[in-house]
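Enquirer: Structure in structure tokens, see below.
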């Protein structure tokens, strides 16, 4: 039995094992008795809330309570907001007795403060923050449900369990779309609380705590007059009833509404009264009408019905389960089942409840086998559910299958006939469940007739082909079939399928005929042919007869084609005429068809015999003046040509069929002509070769006197290989084709070229211009002309710089000599230097001076010792050339130490600042410390030695004399305007001139800053008063730093603000 004190019970959804082993709470079993919605000021923990609740039932281990500060109908009617936390609290400790006050603390984590810490907490909506907003917020307590749409943030969530209690720190329950307001969940009027004096962050129940019954406690807590609100968390904690102590409400009696025990009934058992304690309540649920439950209205199933009792406007309720058992044995019999229809799964016929028992002939379990049965078979189905049962009996009708048998002579169902020939009758006997027959697939003219149990197939086919027929019996159950084949062969046909006229064609001998093709179909399966010429044949393949081939016979040939095969055959005929080819043959003397003559002379006549299919001839390719004529089978070529050249001619026969041709060549030559010359008549002996310019006829040879190098074939001369002098050159063409020999002449001369030599003077120092060239010339024809690459025209050059000089010498015959002269100079003399670095300020360096280039040996090189500075060194080589090198030597700055002494709380600190030298530094103190700065020092002299990365050192000493703190610094102020310690007054600062003060909160933020004279800070209006930018700071501890006279003394510590 599950009790539920709610106004209108929602349908309870049972989740597996969710509500087992825990205390089931209803409305009236839990109530809020205290809210501390802003405990930060007291605890120092941000967003801390303290929530105190009382249970009116014992809370056993495993009990779960769901708590949310999301509003009901915040935005959407009938749904919860979903932007704040929903937390599940689970009891993990021992049982908590009824009446115990339990206090939870909500921050970023959740804990139980009282009576113990034995609770665990988890989020059920995906959001981990649940806290009461300052200035008003709502809080709901629930149990037994799931939260829909976690993490959506869309205000569209629902809760499937019971809502037990609602609390609002504002005056009224009104949803305004913000996170601080909510409507009141339905029917929680008696089980909620909202103050009437305005929104408050601190409120608790302070009414009567004497023992009374549960209903009276609910009324007390629901009365705003029994609640007290407070201005601060401190006042809340100090007020009446400290819910962090052992306070317990005494419950003298518990209120109980009882719906009765769960029950199980039959569907046909009729309606009954539900009862309920105390009497006078109302029932609701499926199948319920005026306190009665009717199973015929609810149907089979398990139903939860609710008994609700109205006690002075507060609705209490309880539920119970009613299980309605169904016993429907309805099933549907199959119509006309056949004996060969196979087994029937009777369970597939059930239209009522499954799981019952089948009884009857042919039944095994739930399977019915009709194979050995016939007629109406009674079958019974029985359903039992607890004490309820139902029975249904019906008949299943079983029918036989049909059969068919061939009764005509064996083989009549597979026969072959010719078209238009009667079929031998085919008969079948139809029996069993067969009452008729249909036949398909018969040829036109053939049909089937059923009469007296016999099907007869007869008739004469008017179409040819192969006909697969099928006979199928008609009737109920399985029918029988029979198959057969009727083959109807057609008469033969013969059709010309090649082009019209191909069966009557004329061809030439040794040529292929155009293929002649015939299509043979119908009853024709082949063909015979007669009358073809040799070389022409016929081939039959797949219904086509093809006549083809090449014949050497000539004449007229008449052929005949006759089909072969079954049924009636046919024939066709045609004619092939074969004509002969033409021939040509040379009849003039051998070689007359290839002859050479001079122009303007007659050729030797050329004759050809034309025979066979040739009836004439023509010729192409003859020279002008030469022609060809045909007469009575002879073709003659004759005449005189005036045009030279080679003429390849062709004689072609004319006529029918294949023609013939003959070829020949006639060559006509001209008298030769020639002239020769060279580009110049005079050549220098430096020319390697000169080409001849020849015009007229080719094919001649060249010749000249001895001493001239001449190519006899090309006419090219080589002056550089010949002797100087004058030569006559002759070009000769020998006689050919009846033409005489001819000669062509020209004269040339070959002259000597100048020959030069020189003496050079090179430059002695890099970059100077004191070089010279002395030139000497022999051979050539005077006078001579000189041209240098630096544009000078003198024979010799002087005062020139290093480089390459080109010259050209030209004589009066324009014969040229040229040359190239290189004037050199030493490489540049370069002095260089290096030095050792100075590591510490005041030391010396060794400078090393070297040189390269120029002409060795050098003077001015070596090693030199110098202090830091700039130095110039000159190096001179063996030719007197010089170079200067520059050296700049640096040194580190001197190590300088500055120190700052700080006295704080009767201890000293030394802050060191180091300049110069090379970082990083090492520190060695006289007290063995190696840190840069020292703290917590007593009186004494402290010596530090600083060593830089070059191992240079510097020493400093500091004397510390600590005196008693000259200041009186308060460690607390109470800025409550009582004229006592309202500001932070520091005594003793008047002995200093300047003061700087910084005050920080716990997060390192500066909340107060002063930088001025001590006289200015003595003004109470400038002293810190616990505010920042006129905003009052919360109680707590703050860190201060005081700096006197620009670092002469420094102090730091903590000052607290208390109100």
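Enquirer: Taking 60 Å as R0, compute the FRET efficiency from the Cβ-Cβ separation of residue 671 and residue 534 and round it to 0.05. Spell out each step's value before the answer.
Expert: Numbers: r = 62 Å, r/R0 = 1.03.
Taking R0 as 60 Å, the efficiency between residue 671 and residue 534 is 0.45.
Enquirer: Let me have the 222 nm mean residue ellipticity of the chain computed from DSSP H runs of 4+ only, each contributing -39500 (n - 2.57), with the sum over all residues rounded to the nearest 500.
Expert: Result for the chain, helices only: -500 deg cm²/dmol.
Enquirer: Another question, then. To the nearest 0.05, how large is the calculated FRET efficiency for residue 447 and residue 397 if R₀ is 60 Å and r is the Cβ-Cβ distance?
Expert: For residue 447 and residue 397, the calculated efficiency is 0.95.
Enquirer: Relative contact order for the stretch 762-861: what is it in percent, counting Cα pairs under 8 Å that are at least 6 residues apart? Present the calculation step by step, with values, prior to reporting the outcome.
Expert: Values: 177 pairs, mean separation 25.2, N = 100.
That works out to 25 percent.
Enquirer: A follow-up question, please. Report the Cα centroid-to-centroid distance between the stretch 144-164 and the stretch 267-339 in angstrom, as an integer.
Expert: 30
Enquirer: Something else now. On the first, second and third principal axes, largest extent first, how far apart are the outermost C-alpha atoms of the stretch 337-399 in Å?
Expert: In descending order, the Cα extents are 39, 18, 16 Å.
Enquirer: Rounded to whole Å and sorted largest first, what semi-axes of the equivalent ellipsoid does the C-alpha gyration tensor of the stretch 908-1059 yield via the square root of 5 times each eigenvalue?
Expert: 39, 17, 14
Enquirer: Can you list, bin by bin at 10 Å, the percent of alpha carbon pairs in the stretch 292-333, starting at 0?
Expert: P(r) over the stretch 292-333, rounded to whole percents: 22, 35, 24, 12, 5, 2, 0.
Enquirer: How far apart, in nm, are two points set 7 Å out from the Cα along the Cα-to-Cβ line at residue 636 and at residue 618?
Expert: Taking the simple label geometry, residue 636 and residue 618 are separated by 2.2 nm.
Enquirer: Could I ask something else about it? Going by a ≥ b ≥ c, the root eigenvalues of the Cα gyration tensor, does the stretch 584-661 fall in the rounded group (a/c under 1.5), the prolate group (a/b larger than b/c) or the oblate group?
Expert: Prolate, because a/c is 1.5 or more and a/b exceeds b/c.
Enquirer: How long are the semi-axes of the equivalent ellipsoid of the stretch 79-169, defined as square roots of 5 times the Cα gyration tensor eigenvalues? Whole Å, largest first.
Expert: Semi-axes from the Cα gyration tensor: 23, 15, 13 Å.
Enquirer: Within the stretch 659-673, which residues have the backbone N less than 18 Å from the label spot 7 Å out from residue 609 along Cα→beta-carbon, could you tell me?
Expert: Residues 660-663 fall inside that zone.
Enquirer: Stretched out fully, how many nm does the piece from residue 506 to residue 739 gain, at 0.36 nm a residue minus the Cα gap?
Expert: 78.1 nm
Enquirer: Note the per residue figure in Å³ for the convex hull of the C-alpha positions in the stretch 972-1057.
Expert: 93
Enquirer: Mind ordering 522-531, 418-427, 782-791 by average Cβ neighbours within 10 Å, highest first? Each step should come with its number before you reach the end.
Expert: Working: 522-531: 18.2, 418-427: 16.2, 782-791: 12.4.
Highest to lowest by the protection proxy: 522-531, 418-427, 782-791.
Enquirer: Return the whole-Å distance between the Cα centroid of the stretch 862-911 and the Cα centroid of the stretch 781-809.
Expert: Using only Cα atoms, the two centres lie 59 Å from each other.
Enquirer: Also: At R0 = 22 Å, how high is the FRET efficiency between residue 976 and residue 238 if r is their beta carbon distance? Nearest 0.05 is fine.
Expert: 0.85
Enquirer: Moving on. Between residue 416 and residue 806, how many nm apart are label points set 7 Å from Cα along the C-beta direction?
Expert: It works out to 10.7 nm between the two label points.
Enquirer: Let me ask something additional. Evaluate the stretch 1010-1051: find the radius of gyration of its Cα atoms, find its Kirkwood radius, and give the ratio Rg to Rh. Display every interim value, and only then the final one.
Expert: Values: Rg = 12.3 Å, Rh = 12.2 Å.
Across the stretch 1010-1051, the Cα-based Rg/Rh ratio is 1.01.
Enquirer: If you average the sequence gap of Cα pairs under 8 Å that are 6 or more apart and divide by the length of the stretch 830-889, what percent do you get for the contact order?
Expert: On the way: 129 pairs, mean separation 21.0, N = 60.
Normalised by residue count, the contact order of the stretch 830-889 is 35 percent.
Enquirer: With a point put 7 Å past each Cα toward its Cβ, work out how far residue 485 is from residue 466 in nm, to one decimal.
Expert: 0.5
Enquirer: Just how far, in whole angstrom, is the stretch 981-1059 from the stretch 518-559 if you go by their alpha carbon centroids?
Expert: Their Cα centres are 134 Å away from one another.
Enquirer: Under 17 Å from a label point 7 Å along Cα→Cβ of residue 923: give me every residue in the stretch 946-960 with its amide N that close.
Expert: 946-949, 953-960
Enquirer: Right, next: Please work out whether the stretch 263-322 counts as rounded, prolate or oblate from its C-alpha gyration tensor, where a ≥ b ≥ c are the square roots of the eigenvalues and a/c under 1.5 means rounded, while otherwise a/b larger than b/c means prolate and anything else oblate?
Expert: It is prolate, given that a/c is not under 1.5 and a/b is the larger ratio.
Enquirer: Could you give the length gained by full extension between residue 253 and residue 931, i.e. 0.36 nm per residue of separation minus their alpha carbon distance, to one decimal place?
Expert: 236.4 nm
Enquirer: Related question: Using 0.36 nm per residue, how much length does the chain from residue 911 to residue 1046 gain when fully extended, once their Cα-Cα distance is taken away?
Expert: Values: separation 135, 0.36 × 135 = 48.60 nm, distance 1.40 nm.
Taking 0.36 nm per residue and subtracting the Cα distance, the gain is 47.2 nm.
Enquirer: Residues in the stretch 72-104 near a label at residue 148, defined as backbone nitrogen under 14 Å from the 7 Å Cα→Cβ point?
Expert: The answer is 73, 76-82.
Enquirer: Can you give the log10 of the normalised intensity I(q)/I(0) at q = 0.16, 0.18, 0.21, 0.27 Å⁻¹, computed with Debye over equal Cα scatterers of the stretch 674-751?
Expert: -0.54, -0.66, -0.86, -1.31
Enquirer: Shape of the stretch 21-238 from its Cα gyration tensor (a ≥ b ≥ c, root eigenvalues): rounded if a/c is under 1.5, otherwise prolate when a/b > b/c, or oblate?
Expert: Numbers: a/c = 1.23, a/b = 1.09, b/c = 1.12.
Since a/c stays below 1.5, the shape of the stretch 21-238 is classed as rounded.
Enquirer: Turning to a different aspect of this structure: How big is the equivalent ellipsoid of the chain along its three axes, where each semi-axis is √(5λ) from the Cα gyration tensor, reported in whole Å from largest to smallest?
Expert: Each semi-axis is the square root of five times an eigenvalue, giving 117, 97, 21 Å.
Each reported figure results from applying straightforward, stated rules to the coordinates on display, with no laboratory input. Everything quoted here is computed from the prediction, not taken from an experiment. Virtual Cβ from ideal backbone geometry, glycine too; neighbours counted across all protein chains shown.
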